[in-house]
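Each remark here refers to the structure printed beneath this line.
Every number in this text was worked out from the coordinates using simple rules, so none of it is lab data. In this text, all values refer to a predicted model and were calculated from it rather than measured experimentally. Note that we place each Cβ from the backbone using ideal geometry, even for glycine, and neighbour counts take in every protein chain shown.
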Amino acid sequence: MTRKINATPASPHWPAPQWLARGALHRMAWRDVGAPGGEPWLLLHGGPGSGCQPGLLTPFDLQRQRVIAPDQRGAGASLPRGNVARNHLAALVADLEALRRHLGLERWSLLAGSWGTVLALEYARTHPKRVQRLVLRGAFGLTRREIGGLLLPSQHHGKALQAPGQAWPIRANTPLPATLSDLEQLLQNDANSVTALRTQRGWALREMRDALHGMRRSLRHITGAQAAAQRRAWAQLQRQQRRALAQLLRPQAGKGDAKLWARYRVQVHYLRRRGFLRPRDQDAAVRHLARQAITVDWVHGCFDAICPPANSARWASMQQRITSDSTRLHRPACGHLAHEPAMAACLRSCVARFV
């Protein structure tokens, strides 16, 4: 069953969402963008818990391609927002396959970023005959080092986290499992408590800090128009960071706090359980794709400070050892974010390769 609900403003390239009922509890929001008869693409957002945004459409030619952009369970416009009951990786995979059947598509290609690469690999492993090809940006390995880098205090980002440190309840000597348990327990409770508000705002600031770190490093290695565009993107994110810092210690809930609470409630639910994967499951998925000869473009910014570039390099190498014709590794001079100029250009090139 699908429903249209006019809950968000529509635009020519970002329509109001539709909803697909998934059991008695969840309704998955999704958008259908671009050419109705064009090459079908499934767009998977990061997070977990974030939701799709109009800016993620940049790599596509909407005159020739059709983009299906779902929000994962509990994320974005999906309902109920922030709900973690019956919310796990196998359920997300089943949601995507239900959406494909609902749309009557035989196969589609997948563009995924960050956490979305975890979901993309698992969907392709489970339903390889439904996948044309994959473009994976900034692959997330779900390692203790990556998860700890998101949550535990760090010394290599300068002064960017001094003010957020006032609101962050986790100390440097706290073990990662305890950190995740404490954050999950905090975010299960009242979203408007002072501690919860400051924690979720501090978490958002940590993500900005890491993104800015990667962007700043890339500026030392690029020149010309691309460098100018990257400086503009960096300055824009810095302005967002300053606004977020100004709101950090406010005791009252403000605009956007409910979205932050839902986002990080879902995110810690997945991080604490390592994405509901066992060790080496992602390696097994990559090997399976190679044996199925499914083409993968691994795109990873050289200066990514959130997901290590070694993730994509290792998996591309693993795939090449099985079949060299079905994998390509791209290393644009940028950080983690999809809208950074070098990343956006590389993604456009990958997505348009067979159009």
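Determine the dipole magnitude for segment 150-274: charges of +1 sit on the beta-carbon of Lys and Arg, -1 on that of Asp and Glu, nothing else is charged, the reference point is the Cα centre, and the result goes in debye to the nearest 20.
Values: 22 positive and 6 negative charges, 102 e Å.
In total the dipole reaches around 480 debye.
Tell me what the chain gives for mean residue ellipticity at 222 nm when only DSSP H runs of n ≥ 4 count, each as -39,500 (n - 2.57), the sum divided by the residue total, rounded to 500 deg cm²/dmol.
-13500 deg cm²/dmol
Note the full-extension length gain between Glu97 and Ala21 as 0.36 nm times their separation in residues minus their Cα-Cα distance, in nm to one decimal. Show your work: numbers first, answer last.
Working: separation 76, 0.36 × 76 = 27.36 nm, distance 1.31 nm.
Net length gain for the segment: 26.1 nm.
Rank-order 130-139, 224-233 by packing density, defined as the average count of other C-beta atoms within 10 Å over each peptide's residues, highest first.
My ranking of the peptides, most packed first, is 130-139, 224-233.
Given R₀ = 41 Å, FRET efficiency for Gln320-Arg242 by Cβ-Cβ distance, to 0.05?
The computed FRET efficiency comes out at 0.40.
What is the calculated FRET efficiency for Arg348 to Asp190, with r their C-beta to C-beta distance and R₀ = 45 Å, to the nearest 0.05?
E between Arg348 and Asp190, to the nearest 0.05, is 0.55.
Rounding to the nearest 20 debye, state how big the charge dipole of the chain is about its Cα centre with +1 on each Lys and Arg Cβ and -1 on each Asp and Glu Cβ.
The dipole magnitude comes to about 260 debye.
Select from Pro251, Ile170, Ala225 the residue farthest towards the positive end of the dipole of segment 150-274; place +1 on Cβ of Lys and Arg, -1 on Cβ of Asp and Glu, and compute about the Cα centre.
Ala225
Identify the residues of segment 283-303 with backbone N under 16 Å of a label point that sits 7 angstrom from the Cα of Gln132 along the Cα-to-Cβ direction, or state none.
Only 294-297 fall inside the zone, counting backbone N under 16 Å.
Shape of segment 150-274 from its Cα gyration tensor (a ≥ b ≥ c, root eigenvalues): rounded if a/c is under 1.5, otherwise prolate when a/b > b/c, or oblate?
prolate
Counting DSSP beta bridges with both partners in the chain, what percentage is antiparallel, nearest 5?
Counting DSSP beta bridges with both partners in the chain, the antiparallel share is about 40 percent.
Mean Kyte-Doolittle of at least 0.5 plus a Cα span of 20 Å or more along the axis: flag which DSSP H helices in the chain meet both, please.
89-103
If you average the alpha carbon positions of segment 177-226 and of segment 250-276, how far apart do those two centres end up, in angstrom?
Rounded to whole Å, the Cα centres lie 11 Å apart.
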